[in-house]
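Chemist: Here's a structure for you.
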Amino acid sequence: MNRTVRLLLLAAATVAVATPLRAHHSFGAEYDVNQPVTVSGVVTKIEWTNPHSFVFVDVADGNGSVTNWKFEGYPPNALYRTGWKRDVSMKPGDKITVTGWRARLGGNLAHSREITLPDGNKLFFGPPAGTGDGGNTPAVKVP
Amino acid sequence: MRARLLAATLTLVTSVAVLVAQSPQRATGASRGAVPRAADGKPDLTGVWQGASNRRGSWEEANSGLGVGGTGKDPAAPANPASQQVITAPAPYQPWAAAKVLESFNKRGIDDPAAFCLPPGLPRLHLVGLFPIEIVQTPRKVVLLYEYMNVFRTIQIGGSHSPDLVPAYLGDSVGRWEGDTLVVDVTGFNDKTWLTGTGTFHSEDLHLTERFTRVDKDQINYDATMEDPKVLTGPWTIHTTMMLREGTRVQEYACAENNQDPDHYERLLKEGIGFKRP
């Protein structure tokens with residue numbers, strides 16, 4: 001093997017590309033970054049479950065009509081490590097504001113990002129948009 | 001012809017130099033504690049670690065940015081250790097296999113085996129920063145306990161693979177010490193996992209060689225070389241680091257408890273919803 005070929009092989013083997021590798025499975029497939037949503041309302045239920053948690057929020061439209069929104073988020077372990085205390089940080093009856101992105105399937109389903117709690121504190125309930133969907137660059141070259 | 005080859009070589013080498021220069025330093029931070037040693041003199045890998053990170057400190061200190069798993073307390077902190085940290089070449093898939101990887105990418109990973117709560121494979125488990133990994137080392141066995149999906153594996157030190165392996169999600173691991181590096185030979189895989197990112201499938205012929213090198217108290221350099229003659233054109237090596245997270249504990253993760261995503265995916269496919277990227 002001559003020097004040039006060896007150099008080329010070495011170069012090919014060390015080309016560095018930052019590949020987004022995120023857990024858990026694809027939020028980006030289910031939720032649409034182009035449909036951001038912010039709602040304020042009253043917590044009706046919190047499911048601290050795996051693989052993802054859910055928080056349900058009653059949102060009034062001012063005309064006497066109330067819609068129950070469902071927001072998906074991190075699993076309980078990740079919530080614990082980002083500062084959440086189960087049954088302490090947020091409880092049914094609390095008035096909160098949630099930001100996130102709506103589901104591609106429509107309806108009142110969304111992927112949560114930040115929750116503003118009654119005392120004004122803000123905590124992340126979910127990851128950034130697009131998580132788990134492969135990012136902008138595939139692992140292989142596009143022909 | 002020669003001039004063209006030389007020009008091409010120079011271009012490639014220059015690009016590589018730029019990319020390598022842009023890639024994150026493996027060692028960061030000022031204080032470097034000594035590598036703890038086991039009674040037999042080997043580096044002791046025992047501890048709770050975070051994969052795909054290069055930041056020192058406690059879990060909270062190292063995850064203060066705006067990325068996945070970050071608290072956002074320090075918006076200036078690296079946004080997503082996982083996305084910045086893993087250094088890999090474009091995966092050397094055979095053309096037909098590359099097309100399959102792309103197909104999965106274009107569907108935004110809707111076919112991720114992990115979406116069904118199945119065990120994520122290797123080396124992928126070391127590229128997930130959201131969940132910690134605990135290592136317990138003894139002279140004859142090194143045990144890895146992954147919070148993600150609550151899977152584990154035991155690395156037998158010395159000896160050889162059993163001749164009657166049944167294809168498995170995490171394969172069969174046999175390790176040996178080469179100086180201060182634990183080298184692990186993994187074979188006996190099934191074909192139901194992804195190697196790294198979206199769509200990176202493999203066959204049952206996957207052969208993985210991992211190298212764990214604890215370079216100081218806080219950091220293990222993790223290098224993984226994947227070989228799969230049925231799917232890849234040659235060896236594929238990735239490098240990342242695992243960082244010590246003192247005070248963090250590995251917890252339960254019962255994925256099947258309330259997994260609604262496969263149902264959502266099925267409905268998305270049934271309704272023909274596109275996954276076009278912005």
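FYI, it's all coordinate maths here, none of it is from the lab. Everything numeric here is computed off the predicted structure, so don't read it as measured data. Neighbour counts are summed over all protein chains in view; Cβ atoms, including those assigned to glycine, are modelled from backbone coordinates with ideal geometry.
Chemist: Between the alpha-carbon centers of the stretch B:208-236 and the stretch B:111-178, tell me the distance in whole angstrom.
Modeler: 13 Å
Chemist: By counting other Cβ atoms within 10 Å of each Cβ, how are A:Val59, B:Val231, B:Val35 ranked from fewest to most?
Modeler: Values: A:Val59 15, B:Val231 25, B:Val35 18.
Least crowded to most crowded, the residues run A:Val59, B:Val35, B:Val231.
Chemist: Taking beta carbons within 10 Å but only from partner chains, what does the mean come to for residues B:99-112?
Modeler: Mean number of neighbouring Cβ atoms from other chains: 5.
Chemist: To make sure I understand, if each residue's beta carbon is the centre and we count other beta carbons within 10 Å, what order do B:Arg249, B:Arg267, A:Arg81 fall in, fewest to most?
Modeler: Details: B:Arg249 11, B:Arg267 14, A:Arg81 21.
Ordered by Cβ neighbours within 10 Å, fewest first: B:Arg249, B:Arg267, A:Arg81.
Chemist: Additional query: Apply the a/c threshold of 1.5 to the C-alpha gyration tensor of the stretch A:46-143 and tell me whether it is rounded, prolate or oblate. Show your work: numbers first, answer last.
Modeler: Numbers: a/c = 2.45, a/b = 1.47, b/c = 1.67.
Oblate, because a/c is 1.5 or more while a/b does not exceed b/c.
Chemist: Would you list A:Arg113, A:Arg102 from fewest to most Cβ contacts within 10 Å?
Modeler: If I rank by nearby Cβ atoms, fewest first, I get A:Arg102, A:Arg113.
Chemist: On average, how many beta carbons from a partner chain sit within 10 Å of the beta carbon of a residue in A:129-137?
Modeler: Working: counts 1, 3, 5, 9, 9, 15, 8, 3, 4.
Across the residues of A:129-137, the mean count of other-chain Cβ atoms within 10 Å is 6.
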